[in-house]
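The values are calculated or read from the model by the stated rules, or taken from the named source; none is laboratory data. As the structure is a computational prediction, the values presented were derived from the model and not from experiment. A quick note on method: Cβ atoms are made from the backbone with ideal geometry, for glycine too, and the neighbour counts reach across all protein chains shown.
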Amino acid sequence: MYISNKLVINYRLSFHFLTLIILIFSTFSNAQDEGGYANKFSVLPGDSLELHISTSKNLFDINIFKLDSKKRFIETYTSIYGGVIVTPDTASTLGCSWPTSFILNVKQDWIPGIYTAEFPTSQGNKEIVFNVKAKSPGEFSKIVIEIPINDWQAYNLFGGYDFYQSPYPGIKQGYNLSFERPYKQDNGFGELFKWESHLISWLDKENIKV
């Protein structure tokens, strides 16, 4: 059986092109799978918070910050085991179901407010935003700020869908969304820096406790 040089060349080019596509897809897929989320948004001093993290870093640190008019460093947790975790196709509606990477014990002296757990990925640092509440309502301040995390999720496309759009042809939107997935917006900050952060910053500058 004879095969022309042209056919051999075409075959080799097709093989290498297919290999390249697979490598690109694998890299893109892994990048999409990096991020993190917590098992709940609000905690009390003394509570624990489960952090679910997927990162290409085999060993990494988590830095905790409080978000006011500045990003105030709180503390670091070191030498946490990482690894990229596959995101299921149903992540947007049923959650990622990633294992717990780290349990954060909220200190008794942490002041009420918005915090973030920052960790490294191949795409730069990612964030997990959470809220520390006062032990008793009104104990720290008589002023309350409502953080619309339902709206954040409504615009969160991580895992495929949000309430307004979908990456799949012929499917316009999702109808059920899960909180058990990272925020795709702004490296995990969700919609925080569109609106709420400006009010939080102003209140801190004016020394108004909330």
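Here are some notes:
- Condition met for residue 141 (over 30 Å from residue 80 (Cα atoms), touching a Ser or Thr at 6+ places or on another chain (Cβ under 9 Å) and in contact (Cβ under 8 Å) with a residue 60 or more places away in the chain): no
- Residue within the range 77-84 that is exposed (fewer than 14 other Cβ atoms within 10 Å of the Cβ) and in contact (Cβ under 8 Å) with a residue 40 or more places away in the chain present: no
- If you go through the range 70-86 and keep only what is farther than 20 Å from residue 107 by Cα and aromatic (Phe, Trp, Tyr), you end up with just 81.
- Of the listed requirements (1) modelled with pLDDT of 95 or more; (2) in contact with a helix residue (DSSP H, G or I) (Cβ under 9 Å, 6 or more places away or on another chain); (3) β-branched (Val, Ile, Thr), residue 86 misses just one: (1).
- Residue count for the range 31-69, restricted to those that are among the hydroxyl-bearing types (Ser, Thr, Tyr), surrounded by 14 or more Cβ atoms within 10 Å (Cβ to Cβ) and farther than 15 Å from residue 130 by Cα: 3
- Restricting the range 179-188 to residues that are closer than 16 Å to residue 151 by Cβ and surrounded by fewer than 19 Cβ atoms within 10 Å (Cβ to Cβ), the residue that is nearest to the chain's Cα centre (by Cα): 184
- For the range 120-144, a tally of residues being within 19 Å of residue 191 (Cα to Cα) and surrounded by 19 or more Cβ atoms within 10 Å (Cβ to Cβ) returns 6.
- The set of residues in the range 135-152 that are of a type in the set (Lys, Arg) and under 30 Å from residue 178 (Cβ atoms) contains only 135.
- Enumeration of residues in the range 115-154 that are closer than 20 Å to residue 105 by Cα and either of a type in the set (Asp, Glu) or touching a His at 6+ places or on another chain (Cβ under 9 Å) (or both): 118, 127, 128
- Test result for residue 65, modelled with pLDDT of 95 or more and either under 22 Å from residue 124 (Cα atoms) or hydrophobic (A, V, I, L, M, F, W, C) (or both): yes
- Contacts under 7 angstrom Cβ, first residue in the range 93-104 being buried (at least 18 other Cβ atoms within 10 Å of the Cβ), partner of a type in the set (Gly, Ala, Ser) and not in a loop (DSSP other than H, G, I, E, B), 6 or more apart: 98/54; 104/48; 104/117
- Condition met for residue 138 (closer than 20 Å to residue 39 by Cβ and of a type in the set (Gly, Ala, Ser)): no
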